[in-house]
Amino acid sequence: MLKVALTGGIATGKSYVLARLNERGIPTIDADELVHQALGANTPTTREIAAQFGSSFLRPDGSVDRALLATRVFASPEARLRLEAVVHPVVYNAIHTWFDSLADPMGVASIPLLYETRHERDFDFVVVTVCPPEVQIQRLIQRDRMTEGEAQRRIDAQMAADEKASRGDFVIRTDGTMLATDRQVEELLVTLNNPT
């Protein structure tokens, strides 16, 4: 089975590319969705976060207040590392279990912090989505209603897009039209289905 990782900076089009792959029948899994599940009401991960950061970061239903926690961790590199030490092992365990359960010839896992967590060697190929930082900022402002400063802090907290692109096996540029991105996805699938 071919294990493919899809990565890239925040707001570089990973979700769009993942959706196109899924539409073409490729099994996919999204680390962001796994994090969302892990931070749900009364999970072991949520309890650990409450123990480390305080119960003030929980909502009344027992889930993590993600917006409040994000404000804290993106303002403090030390807090971000503490959070990642709790969340990343849970996410990677779920991804490995998912791959083990597949009977398909290929699966794709979207993992935003693949290189930052040094897990790229877990995969046969890495696909990186990229676009200019100013496009990332505009997308974050429009999509998540962030200020420009908040958007820049999120971008700065990750490895530079150019660095990720230089490490990847394939690069998909997402600053053109949707049709141009779709064409790159098709080309990627042709290559992955016919490895030399």
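Couple of notes before you dig in:
- Available extension along the chain between N22 and D175 is 53.0 nm, counting 0.36 nm per residue and deducting the alpha carbon span.
- What the phi angles of region 172-188 give under the Karplus curve with 6.51, -1.76 and 1.60, with θ = phi - 60°, is a coupling list of 10, 8, 10, 9, x, 6, 4, 4, 5, 5, 4, 5, 5, 5, 4, 5, 4 Hz, glycine and proline written as x.
- Just checking the listed ones, A151, A31, A75: in the Gaussian network model of the chain with Cα springs under 10 Å, the one fluctuating most is A75.
- Two-decimal Rg to Rh for region 92-142 - Kirkwood Rh, Cα set: 1.08
- Kirkwood radius for region 31-101, taken over all pairs of different Cα atoms as the inverse mean of 1/r, rounds to 12.4 Å.
- Pairwise FRET efficiency - S56 versus E186, Cβ, R0 = 45 Å, nearest 0.05: 0.40
- For the chain, modelled as a GNM whose springs connect Cα atoms under 10 angstrom apart, the maximal fluctuation among L114, L58, L102 occurs at L102.
- Between N194 and A79, full extension at 0.36 nm per residue minus the direct alpha carbon distance yields a gain of 37.0 nm.
- 3J(HN,Hα) couplings calculated from phi for region 102-115 with the Karplus curve 6.51 cos²θ - 1.76 cosθ + 1.60 (θ = phi - 60°) are, in sequence order, 7, 10, 7, x, 8, x, 10, 10, 8, 9, x, 9, 4, 6 Hz; Gly and Pro show x.
- Projecting the Cα positions of V126, L113, P27 onto the charge dipole of the chain (unit charges on Cβ atoms of Lys, Arg, Asp and Glu, taken about the Cα centre) puts L113 furthest along the positive direction.
- Excluding exposed DSSP-loop trypsin sites (Lys or Arg not before Pro) (at most 14 other C-beta within 10 Å), longest clean stretch of the chain: 25-117
- Computed over the chain: relative contact order in percent, which uses C-alpha pairs under 8 Å that are six or more apart: 35 percent
- For region 13-30, the Karplus equation 6.51 cos²θ - 1.76 cosθ + 1.60, evaluated at θ = phi - 60°, returns couplings of x, 4, 5, 5, 5, 4, 5, 5, 5, 5, 4, 8, x, 8, x, 9, 9, 10 Hz by residue, with Gly and Pro reported as x.
- Relative to the longest principal axis of the Cα atoms of the chain, helix 77-101 runs at roughly 50 degrees.
- Calculated on alpha-carbon atoms, Rg and Dmax of the chain in Å: 17.1, 54
- Least to most buried among I141, I26 (fewest other Cβ within 10 Å first): I141, I26
- Mean-position separation - Cα centroids, region 119-134 and region 137-178, in angstrom: 12 Å
- Arranged from fewest to most other beta-carbon atoms within 10 Å of their beta carbon, D30, D156 become D156, D30.
Values in this text are rule-based calculations from the coordinates and carry no lab data. What you are looking at is a predicted structure, and each value in this text was computed from that prediction instead of being measured. A quick note on method: Cβ atoms are made from the backbone with ideal geometry, for glycine too, and the neighbour counts reach across all protein chains shown.
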